[in-house]
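The next block holds one structure in the form of structure tokens; read it before the comments.
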Amino acid sequence: MSDNGRRYAPKDATPRSQNSREFKLNLSEDQLNHTDELEDLQGYAGSRAPQRVEESSAGARSARAERNQKKEAKEHKKRNRVKARKNKRIFAFTWLAMVILVSLTLASYLIGGSNDFLGVDRTDSEVEVTIPENVTQEQLTDILYKSHAIDKPEFFSLFCKFTTEMKYFEPGTYTIKTNYDYKQLVNTLQSGPDLGEEITVMFREGITVQQLAALLEENGLHTADEILEACNSSDYDSYSDVAAITNTSDRYYKLEGYLFPDTYQFFENDTVESILDRFLNNFENKLTDEMRDDIAKSGYTTDQIITLASIIQAEAADTKDMYKVSAVLHNRLESGAEHDIYTLDCDSTVYYPYKTANDAPEGFVSSYSTYDNNGLPAGPICNPGLDAIMAAIYPSTSDDCRNAYYFCHDSNGKAYYASTMDDHLMNMAEAGLL
């Protein structure tokens, strides 16, 4: 049979030999990602290449998983970049807000300090402040802040630190306006307090503390009670003579004897302390080094001499008589026991701190009475002048009082001296005292 008329039988479907070509599927990446299409292709391949399809499917899954991981990693990085940009914006906004807040707070603080420096926004009123001696920067700032003269103590303290000498602040009581700027405050407190009108007061020799306090009150310089209270305080122990007093509890007034009588100029706004300081300073100045040396040589203390001088001041008729009265009192103190004389018997001590029986409360008995107590009283009975102090230090050595233990005066102030009680009684009769 010729070939043209020959029919060809179908080829056997048995597997090809190893030399035959294998069936291959060329699939795109997208086709591999679709399971349905893969299954169709597997079905198409039939049973002739199941193993190869399975291998190809496993590889595709692995590749797909790897690609998914890469894709997810890319997405994660993208999300992180977006998140980072977002966080960066939030951080920048937060930082900017903090900077603005701090700036506003600092600006507000500085503006407040500047306003306080200039006295702006403070109420227009007056306050009274008292500046002590040798005031420190911290003390001054605290005083002004508590009195509402300033609102920002740290700014005022800084101002004083760089612009002000603390040694120039004058102690005293000041009336200042609360809207003063810092410079006005400093100038006011360094110029000295407004002391008001000048007042001149004369204090006679022999004046007592009670009389002195009443005289100050009459002149508008505090009340007598304020003066008397200060005279019994320990505020003046910086004065050596006052500090040497050891029997304060036995005295009626601690400063009695040390408020030197003189003429003084005060100001109506003077403090009690400044007033009494003037008396005490004058007393210290009046006692010279020579006088103090002679007191030490005499065997008496300064306080005993002032106590003796106060009695001489109250008992003597005049300056000349003071030295003779002093001689009599010295004789009694130093050798009176040899003549059975143990007391000074001075009338001026009987009613102290009052002058007379009419001044004293009914039934009053003074612990200073030299009729009832031996030797000198607990303290001075008045404030003696310089003549009486000199007489107490340097008693007369004249013949008429060298050995005298008694004295008296008539109504005209004539003095009589005697060595014995009999002579004294005769003198008293002549003086019209009996």
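Brief remarks on what is shown
- Among residues that are modelled with pLDDT under 95, in contact with a strand residue (DSSP E or B) (Cβ under 8 Å, 6 or more places away or on another chain) and among the polar types (S, T, N, Q), residue 188 is included.
- Given (1) assigned to a loop (DSSP other than H, G, I, E, B); (2) more than 15 Å from residue 269 (Cα to Cα); (3) among the hydrophobic types (A, V, I, L, M, F, W, C); (4) touching a strand residue (DSSP E or B) at 6+ places or on another chain (Cβ under 9 Å), index of the condition residue 207 fails: (4)
- Residues in the range 278-290 that are in contact with a Phe, Trp or Tyr (Cβ under 9 Å, 6 or more places away or on another chain) and open to solvent by 40 Å² or more (accessible area, probe 1.4 Å): 278, 281, 284, 285, 286.
- Residue in the range 151-162 that is assigned to a loop (DSSP other than H, G, I, E, B), among the basic types (Lys, Arg) and within 18 Å of the chain's Cα centre (by Cα) present: yes
- Only one of the numbered conditions (1) crowded, with 16+ Cβ neighbours inside 10 Å; (2) small (Gly, Ala, Ser); (3) without any contact (Cβ under 8 Å) to a residue 40 or more places away in the chain is violated by residue 243, and that is (1).
- Failed item in (1) modelled with pLDDT of 95 or more; (2) open to solvent by less than 40 Å² (accessible area, probe 1.4 Å), with residue 274 passing the rest: (1)
- Positions within the range 200-240 being in contact (Cβ under 8 Å) with a residue 24 or more places away in the chain and of a type in the set (D, E, K, R), in sequence order: 204, 205, 226, 235
- Given (1) out of contact with any Cys (no Cβ under 8 Å at 6 or more places or on another chain); (2) part of a helix (DSSP H, G or I), number of the condition residue 313 does not satisfy: (1)
Yes/no per residue for (1) out of contact with any strand residue (DSSP E or B) (no Cβ under 9 Å at 6 or more places or on another chain); (2) over 19 Å from residue 256 (Cβ atoms):
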| site | (1), (2) |
| --- | --- |
| 321 | no, yes |
| 328 | no, yes |
| 338 | yes, yes |
| 348 | yes, no |
| 378 | yes, no |
| 404 | no, yes |
| 407 | no, yes |
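- Any hit, the range 220-229, residues being in contact with a strand residue (DSSP E or B) (Cβ under 6 Å, 6 or more places away or on another chain), within 21 Å of residue 128 (Cβ to Cβ) and either in a loop (DSSP other than H, G, I, E, B) or charged (D, E, K, R) (or both): yes
- Screening the range 303-321 for residues that are open to solvent by 10 Å² or more (accessible area, probe 1.4 Å) and touching a helix residue (DSSP H, G or I) at 6+ places or on another chain (Cβ under 8 Å) and picking the one that is nearest to residue 292 (Cα to Cα) gives 303.
- Of all the residues in the range 244-263, those that are assigned to a loop (DSSP other than H, G, I, E, B) and touching a strand residue (DSSP E or B) at 6+ places or on another chain (Cβ under 7 Å) number 0.
- Selection within the range 367-395 - among the polar types (S, T, N, Q) and touching a residue at least 60 places away in the same chain (Cβ under 8 Å): 367, 383
- Residue 161 being of a type in the set (Lys, Arg), at pLDDT below 85 and surrounded by fewer than 16 Cβ atoms within 10 Å (Cβ to Cβ): no
The values are calculated or read from the model by the stated rules, or taken from the named source; none is laboratory data. Since this is a predicted model, take the numbers as computed values, not measurements. A quick note on method: Cβ atoms are made from the backbone with ideal geometry, for glycine too, and the neighbour counts reach across all protein chains shown. Heavy atoms of the whole protein, side chains included, go into the accessibility calculation; ligands, DNA and RNA do not. Shrake-Rupley method; radii C 1.70, N 1.55, O 1.52, S 1.80 Å.
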